[in-house]
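See below for the structure under consideration.
The values are calculated or read from the model by the stated rules, or taken from the named source; none is laboratory data. Predicted, not measured: the structure shown is a model, and the values here were computed from it. Note: areas computed on protein heavy atoms with side chains; ligands, DNA, RNA excluded. Shrake-Rupley method; radii C 1.70, N 1.55, O 1.52, S 1.80 Å.
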Amino acid sequence: MDYTATQSGFRQRKLQPNMRLRNSSVDGSDGSQLFEDTSGTGPAPQPGYRNQQAGAQAAGFPGQSLLSEPMSNLAMAYGTSLATQGREMVDKNLDRFIPISKLKYYFAVDTVYVGKKLGLLVFPYMHENWEVSYQQDTPVAPRFDVNAPDLYIPAMGFITYVLVAGLALGTQNRFSPELLGVQASSALVWLIMEVLAVLLSLYLVTVNTDLTTIDLLAFSGYKYVGMIVGVVAGLLFGRPAYYLSLLWCCVAIFVFMIRTLRLKLLSEAAAEGRLVRGARNQLRMYLTMTIAAAQPIFMYWLTYHLIR
């Protein structure tokens, strides 16, 4: 050890070199370590093992693709069969109550037919042939025969009547959604009651006819055309125009119904104009005239309060 002399006479040991060595061994990062520090992260995985693991996850099991495709095809086929059976069941039950196939016939119209039919409803006096055309015991579509009944004009006529009634109520400051709903529902209820009354009368008189419920609904719905003409004339030109136009349309619909229904309700001889005596034919004639006479009554009842 080295000792140095101080002013006081005592010797002092040199400690600086050893301290410097100890500090350098602690601070230095290049010194060799006896044990490797494993407290941080684990050993890094090998690249080959990582690639194999990723490939196995991406590919899945060898039989997985073989099993998934047949199962998905089977599930799709089963779902398709269920949807087909459900649709057939709905169509069968719906056709039992609402004949969809027959309704398509009554809406098979075009612009030419609608124009000719409207002219026939307003001016039926010059029309001569009132018989419905048939093709292999089946009536032709309305667009090929102006005498065939349809549901397009009655449906559009009902909607237009409700709109015109709302317009008339609005011009009189009486419009309200509730009143318009009452107007539409009352017109619909009267139409249904009229059809039911005619069906009951045909049953009581025991008339063998090819008239169906949809035919009666179509013939009863033609009155809306004259009602619209009367209300529009009253809104444009006043109450006298309403009465004149409604009277014209009432006579026109009466003639139209007589000439159309006599071929359906009366016998062949009576339909041709020959006098046929018999209680049954007399009842049929009265029934035909009653149905025709009821149209002007409903037309006036459903429109007189709209014009003031």
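Details
- Solvent exposure of the stretch 137-286, expressed per residue, is 52 Å² of accessible area, with all protein chains present and a 1.4 angstrom probe.
- Rolling a 1.4 Å probe across all protein chains gives ASP145 an accessible area of roughly 10 Å².
- PHE298 contributes an accessible area of around 40 Å² to the protein surface, as traced by a 1.4 Å probe with all chains present.
- The listed residues GLU128, GLU88, GLU194, once ranked by accessible area (1.4 Å probe) with the largest placed first, stand as GLU128, GLU88, GLU194.
- Multiplying the residue separation of VAL182 and PHE144 by 0.36 nm and removing their Cα-Cα distance gives an extension gain of 9.9 nm.
- The stretch 165-263: C-alpha gyration tensor shape, a/c 1.5 cut-off, then a/b vs b/c: oblate
- ARG284 accessible area, 1.4 Å probe, all protein chains in place, Å² to nearest 10: 30
- Solvent-accessible surface of protein heavy atoms, probed at 1.4 angstrom with all chains present, puts LEU211, LEU306 in the order LEU211, LEU306, largest first.
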